[in-house]
Amino acid sequence: MSSAAAGLSNRLRVAVLASDAGVEGRLAALVAQFGHELVEAGASPDACLTDGTAFVALSAPVVALGAAVEDFAGILPPDASPIQIDAALQAVVVGLTVRPAQRPHHGFEPMTEETAVVLTPREIEVLAALGKGLSNKAVARQLGISPHTVKFHVESLFRKLGAGSRAEAVVKGLKQQICEF
Amino acid sequence: MADSVQDLLTNMSNALVERERLARPLVVKISVQGHRVRSGTLWRKDVVIAAEQGFPELGEARVTLAGGSSLVAQVAGRDSGTNVIAFRLAGGPDPAPLPAAEPKAGALVLALGAAEDGASVRLGLIHSVGTAWHSRAGGRIDRRIILDINLGHREEGGPVIDSGGGLLGMSTLGPRRSVLVIPSATVDSVIEPLLSEGRVERGWLGVALQPVLLPEALQTVAGQSHGLIIMGTSKDGPAARASLQVGDILLSVGGESVASPITVAQRLGPDSVGQQIELRLIRAGAPQTLQATVGVRPPK
């Protein structure tokens with residue numbers, strides 16, 4: 001079997017660099033906790049972990065916490081969790097670039113002037129119930145209407161939202177703008 | 001010899017370089033520890049504005065001026081409604097103000113931003129110009145100016161100037177990487193409250209609203225086909241105190257019928273704070289009228 005089949009739980013040789021001894025100690029403890037071997041920066045480590053304040057020329061890929069230097073293979077926020085740090089170290093060693101998933105940046109948005117789809121109050125209630133994963137029968141019980149009526153509303157929701165499934169209807173319905181005033 | 005090489009392109013290029021030279025003193029680089037560098041605009045002596053959406057919560061930042069000197073700037077205030085954050089400097093230069101510019105669709109514009117050293121420049125067209133609009137966060141923007149230009153995150157917040165060297169406003173990234181301009185008039189209208197109060201007060205009811213199609217039976221009662229259904233109320237907010245409930249369908253605010261959220265936003269401008277406002281709604285199939293006192297929209 002190739003080594004790739006062994007998965008990602010490899011023991012790595014990691015160098016830890018920080019300008020502050022306290023931070024360095026904390027990062028070193030983290031690295032050890034995940035079973036990696038701590039080595040000096042000069043001892044050809046597989047990867048380096050830094051708080052972003054200590055910079056040396058390194059041939060090994062770097063995971064930096066809170067650094068704004070784009071050249072690093074791994075960039076994590078300063079408050080990254082231990083699991084994120086370990087995952088980033090594993091990833092950069094196999095040649096991947098790691099960036100935190102950011103809150104999707106929507107840009108500066110206008111308030112929608114014309115909502116494409118306008119639902120009726122009942123449809124909104126049915127959609128909310130579908131979002132909880134309820135069956136037509138359960139929705140009917142909850143809203144005190146007949147299952148036939150629920151089916152009618154669900155079909156109407158599918159048509160209005162252009163959805164092919166209940167899950168799609170819920171997702172598309174959620175995108176309907178709720179504005180807070 | 002020099003005369004003979006003059007041609008249209010060279011003249012245009014020289015003119016662009018000249019515009020950039022005149023506007024460059026307004027471009028600043030804003031650095032926040034642990035975050036990417038952003039652009040800002042020296043709006044007047046000791047006041048820098050930038051794109052609010054690009055900044056984390058912060059108290060101060062380092063501002064590098066066009067001349068290369070850098071100062072610590074305090075956040076004076078921020079307004080997500082108009083995407084303006086204002087920083088206060090001490091001892092900065094007094095920039096020569098650029099003339100105001102009138103946006104015209106099709107006109108050439110330059111969008112400036114901060115580069116590692118000095119300014120970066122983008123050239124493009126004004127794609128379209130429209131009337132006033134409201135942002136999702138409730139701010140009123142005086143003109144809808146959309147640019148046909150690409151802009152990086154680092155460049156957002158810099159000045160946008162027209163071919164005459166006049167200042168149109170501050171660049172802003174819109175949905176799907178579109179590029180907008182927050183007009184100078186809008187920046188000017190929020191800058192005083194930002195400097196003195198730290199924020200821009202807007203009216204607030206404490207409700208989450210969604211447009212709704214009224215069932216036919218209710219359309220007759222309501223006298224309109226659409227309304228805004230209340231999806232939630234803020235505890236102890238103005239709406240909750242006026243006893244509005246989830247499921248009520250709002251028909252009009254202050255006598256104006258509200259079929260879209262925009263009409264509510266228009267009714268809740270800065271002047272509305274503290275006003276008594278009449279809310280007409282449908283509850284359990286019957287029309288009702290309630291009075292609410294407009295509160296102050298809390299920061300996001």
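Select from the range B:235-269 the residues that are among the polar types (S, T, N, Q) and more than 9 Å from every other protein chain (Cβ to nearest Cβ) and write down the one among them that is surrounded by the most Cβ atoms within 10 Å (Cβ to Cβ).
Filtering the range B:235-269 down to residues among the polar types (S, T, N, Q) leaves B:243, B:245, B:252, B:257, B:260, B:263, B:266.
Filter again for more than 9 Å from every other protein chain (Cβ to nearest Cβ), leaving B:243, B:245, B:252, B:257, B:263, B:266.
Working: B:Ser243: 12, B:Gln245: 12, B:Ser252: 22, B:Ser257: 15, B:Thr263: 17, B:Gln266: 17.
Looking at the filtered set, the residue picked out is B:Ser252.
Please determine, by comparing only the residues of the range B:199-216 that are out of contact with any His (no Cβ under 9 Å at 6 or more places or on another chain) and at the interface with chain A (Cβ under 7 Å from one of its Cβ atoms), which one is nearest to B:Gly237 (Cα to Cα). Walk me through it before giving the result.
Taking the range B:199-216 first, the residues out of contact with any His (no Cβ under 9 Å at 6 or more places or on another chain) are B:199-210, B:215-216.
Filter once more, keeping what is at the interface with chain A (Cβ under 7 Å from one of its Cβ atoms): B:204-205, B:207-210, B:215.
Working: B:Trp204: 8, B:Leu205: 6, B:Val207: 8, B:Ala208: 11, B:Leu209: 14, B:Gln210: 18, B:Pro215: 29 Å.
Residue satisfying both the conditions and the ranking: B:Leu205.
Could you check how many residues of the range B:140-167 are buried (at least 20 other Cβ atoms within 10 Å of the Cβ), in contact with a helix residue (DSSP H, G or I) (Cβ under 7 Å, 6 or more places away or on another chain) and under 21 Å from B:Ala119 (Cα atoms)?
Residues that pass the stated criteria total 5.
Applying the selection to the range B:218-234, what residues are in contact with a Gly (Cβ under 8 Å, 6 or more places away or on another chain) and surrounded by fewer than 20 Cβ atoms within 10 Å (Cβ to Cβ)? If you could, list the steps in order and put the result at the bottom.
Step one: filter the range B:218-234 for residues in contact with a Gly (Cβ under 8 Å, 6 or more places away or on another chain), giving B:218, B:221, B:229-230, B:233-234.
Scanning the range B:218-234 gives B:Val221, B:Ser234.
May I ask you to verify whether A:Gly95 is in a loop (DSSP other than H, G, I, E, B), loosely packed, with under 11 Cβ neighbours inside 10 Å and at pLDDT below 90?
Working: in a loop (DSSP other than H, G, I, E, B): yes; loosely packed, with under 11 Cβ neighbours inside 10 Å: yes; at pLDDT below 90: no.
No; evaluated as a whole, the condition is false for this residue.
If you take the residues in the range B:270-294 that are under 22 Å from A:Thr120 (Cα atoms) and loosely packed, with under 14 Cβ neighbours inside 10 Å, which one is nearest to the chain's Cα centre (by Cα)? Quick ask: steps written out before the conclusion?
We begin by selecting, within the range B:270-294, every residue under 22 Å from A:Thr120 (Cα atoms); these are B:279-289.
Filter once more, keeping what is loosely packed, with under 14 Cβ neighbours inside 10 Å: B:284-286, B:289.
Working: B:Ala284: 39, B:Gly285: 39, B:Ala286: 39, B:Thr289: 34 Å.
So the residue we want is B:Thr289.
Need the failing condition index for B:Ser252 against (1) part of a strand (DSSP E or B); (2) in contact (Cβ under 8 Å) with a residue 40 or more places away in the chain; (3) hydroxyl-bearing (Ser, Thr, Tyr), just the number.
Answer for B:Ser252: the failing condition is (2).
Give me the pairs: first residue in the range B:52-63 and assigned by TED's automatic domain parsing to the domain that holds B:Ile30, second residue among the hydroxyl-bearing types (Ser, Thr, Tyr) and surrounded by 15 or more Cβ atoms within 10 Å (Cβ to Cβ), beta-carbon distance under 6 Å, and six or more apart or on different chains, which are they?
Cβ pairs passing all conditions: B:Glu52/B:Ser80; B:Arg62/B:Ser31.
In the range B:173-222, what residues are polar (S, T, N, Q), closer than 30 Å to A:Leu119 by Cα and under 18 Å from the mean Cα position of the chain (by Cα)?
Filtering the range B:173-222 for residues polar (S, T, N, Q) gives B:178, B:184, B:186, B:189, B:196, B:210, B:219-220.
Then keep just the ones that are closer than 30 Å to A:Leu119 by Cα; that gives B:178, B:210, B:219-220.
Correct list: B:Ser178 only.
Can you tell me how many residues in the range B:128-157 are within 25 Å of B:Gln266 (Cβ to Cβ) and touching a residue at least 12 places away in the same chain (Cβ under 8 Å)? Let's see the steps before the verdict.
Keep residues of the range B:128-157 that are within 25 Å of B:Gln266 (Cβ to Cβ), which gives B:128-146.
From the residues that got through so far, the ones that are touching a residue at least 12 places away in the same chain (Cβ under 8 Å) too are B:128-132, B:134-135, B:137-146.
Qualifying residue count for the region: 17.
The values are calculated or read from the model by the stated rules, or taken from the named source; none is laboratory data. Computed from a prediction, not measured in an experiment: that's the story for all the values here. Every residue, glycine as well, gets a Cβ built from its backbone with ideal geometry; the counts of neighbours run over all protein chains shown.
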